[in-house]
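Visitor: Okay, here's the structure, questions in a sec.
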Amino acid sequence: MTGVRTALAAIGDGAGHFALDAVEVAAPAHGEVRVRLLAAGICHTDQASLSWPGPLVLGHEGAGVVEAVGAGVTPLRIGQRVLLNWAIPCGQCPQCTRGRGSLCERTHGVGTTPGSSRAAPGHTRWRGQAIERSFNLGTFSEYTLVRAEALTLLPDGLAPEQACILGCGVMTGVGAVLNVAGVQAGESVAVLGCGGVGLSAIQGARLAGAGTIIAIDRREQALARARELGATHSVQARADDDSHDQLVAQVRALGQGRGVDHAFEATAVPALAFLPLRFARNGGNAIQLSGSHGHATAHLPDFMWDKRYQVPLYGGCLPERDFPRLLDWAQRGELQLGSMVTHRYALPQLQRALDDMLVGASAKGVILFEAEA
Ligand SMILES: [Zn+2]
Ligand SMILES: [Zn+2]
């Protein structure tokens, strides 16, 4: 029998800050699994989540080990290493039945679809009160409680610090290229912003067999990483090119003067959200991966002609289709995760981890939890 576990967790206050404190994580109920976290990836959304209604256990990327299982959970067993994933398509709502599981109405709490993707909501407590977890996961915590469907078994040999980033950043970037844009062999791709999501899009373009892959960033170090991961060309954006005219001209020239087939934005800067439209050819794709909130100004002719502008969620993720293939590519070394993880931290260093991400020092930062004796 397993009882309540006390775990150190990062708890957002809803006003832009967080504190480290103990939470109580109950034993798993029917269909649930308690996971001891080994590693958790840090994403721009974690910074945004500091302003979501609190208190909230932060973190939504993670890999860990099954510590306790509730009744009815098969085939997971205690001691197995798992990847956590925040989207669990219900398979029955109107979005799921039309094949758009990443927009599942149960996950998003819209429409009339009953139920929830959450583990029993009252079973994680802080100071005696039930507490919500970011994306129903809350991975910046030594333990978390999830529904069994949120877990994918990890193959032996894949380090947790690499596996943990698959669940949001890598899925978002690779999935946007393969599932959303449908990049075909030989096509041209431009990626603005070479952080974790942008580098994942570049790897997705390489996996798709794109002919021209243009990486764009202000930081030479980020461009060097992008070239290692598959970019065929790199363009350094200049701080004095306010209108972006020079940048657009360079990218369009690399796209044979007509622009590229698919342009992605992954800078997390709202003002740049429409810039991929200017890189894209007529009839091409412009895709914003930042999930930016805030305001951006659109120049309507940038949409001309026949361009498609999309803001996809989670790379169109269908967990049962996408995670096995991402893990397979990772094991073969076709999807390179090791070189994307540039910074490692312990949980008490979370503030520094967020700061390193915001100033662009890290491609992907990861929280490593202490190994249990
Ligand atoms: Zn659904
Ligand atoms: Zn994320």
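Visitor: Report the relative contact order of the chain, percent, no decimals, based on alpha-carbon pairs under 8 angstrom and at least 6 residues apart.
Guide: On the way: 901 pairs, mean separation 61.1, N = 373.
Computed value for the chain: 16 percent relative contact order.
Visitor: Still on this structure, I have one more. For the stretch 49-78 and the stretch 284-343, what is the centre-to-centre distance using only Cα atoms, to the nearest Å?
Guide: 24 Å
Visitor: Hey, what number do you get for the chain at 222 nm if only DSSP H runs of n ≥ 4 count, each worth -39500 (n - 2.57), divided across all residues, to the nearest 500? Intermediate values should be presented prior to the final figure.
Guide: Working: 11 runs with 85 residues, N = 373.
For the chain, the value works out to -6000 deg cm²/dmol.
Visitor: Could you give log10 I(q)/I(0) at q = 0.18, 0.20 Å⁻¹ for the stretch 267-373, computed by the Debye formula over C-alpha point scatterers of equal weight, without solvent?
Guide: Calculated log10 I(q)/I(0) at the listed q: -1.12, -1.15.
Visitor: In the chain, what is the volume of the convex hull around the alpha carbon atoms, normalised per residue and reported in Å³?
Guide: Numbers: hull volume 51.0 nm³, N = 373.
Value for the chain: 137 Å³ per residue.
Visitor: Quick one: the Cα spread of the stretch 1-57 along its three principal axes, in angstroms, biggest first?
Guide: Principal extents (largest minus smallest coordinate, Cα): 39, 19, 19 Å.
Visitor: Tell me, ARG106, ARG344 in order of fewest to most beta-carbon neighbours within 10 Å? Mind showing how you got there, number by number?
Guide: Details: ARG106 21, ARG344 14.
The fewest-first ordering by Cβ neighbours comes to ARG344, ARG106.
Visitor: Now for a different question. With viscosity set to 1.567 mPa s and temperature to 4 °C, compute the Stokes-Einstein D of the stretch 242-299, Rh being the Kirkwood radius across alpha carbon pairs; µm²/s, no decimals. Show your work: numbers first, answer last.
Guide: Numbers: Rh = 11.5 Å.
Using the Kirkwood radius from Cα pairs, D works out to 112 µm²/s.
Visitor: Assuming R0 = 41 Å, what is the FRET efficiency of ASP13 and ARG258, from their Cβ-Cβ distance, to the nearest 0.05?
Guide: Numbers: r = 50 Å, r/R0 = 1.21.
Taking R0 as 41 Å, the efficiency between ASP13 and ARG258 is 0.25.
Visitor: Could you tell me which trypsin sites (Lys or Arg not before Pro) in the stretch 221-323 are loop residues by DSSP with no more than 16 other beta carbons within 10 angstrom of their beta carbon?
Guide: Numbers: sites: ARG225, ARG227, ARG238, ARG252, ARG258, ARG278, ARG281, LYS307, ARG308, ARG321; in loops: ARG238, ARG258, LYS307.
Those that pass, being in a loop and sparsely packed, are ARG238, ARG258.
Visitor: Another question, then. Given a Förster radius of 30 Å and the C-beta distance between ASP355 and THR6 as r, what FRET efficiency does 1/(1 + (r/R0)^6) yield to the nearest 0.05?
Guide: Rounded to the nearest 0.05, the efficiency is 0.60.
Visitor: Now, a different point. Per the Debye formula with a single identical scatterer at each Cα and no solvent contribution, what log10 I(q)/I(0) holds for the stretch 172-313 at q = 0.12, 0.21 Å⁻¹?
Guide: Log10 I(q)/I(0), no solvent term: -0.38, -1.33.
Visitor: Which distance in nm do the two modelled labels at LEU20 and ARG332 give, with both placed 7 Å along the Cα-to-Cβ direction?
Guide: So the label points at LEU20 and ARG332 sit 4.1 nm apart.
Visitor: FRET efficiency for ALA271 and ARG100, Cβ-Cβ distance as r, R0 = 25 Å, nearest 0.05? Can you show the working numbers first?
Guide: On the way: r = 29 Å, r/R0 = 1.17.
After rounding to 0.05, the efficiency reads 0.30.
We did not get these values from a lab; they are worked out from the coordinates using the rules stated. Just so it is clear, the structure is predicted and the values come from calculations on it, not from any experiment. Here the Cβ is made from the backbone with ideal geometry for all residues, glycine too, and neighbour counts use every protein chain on show.
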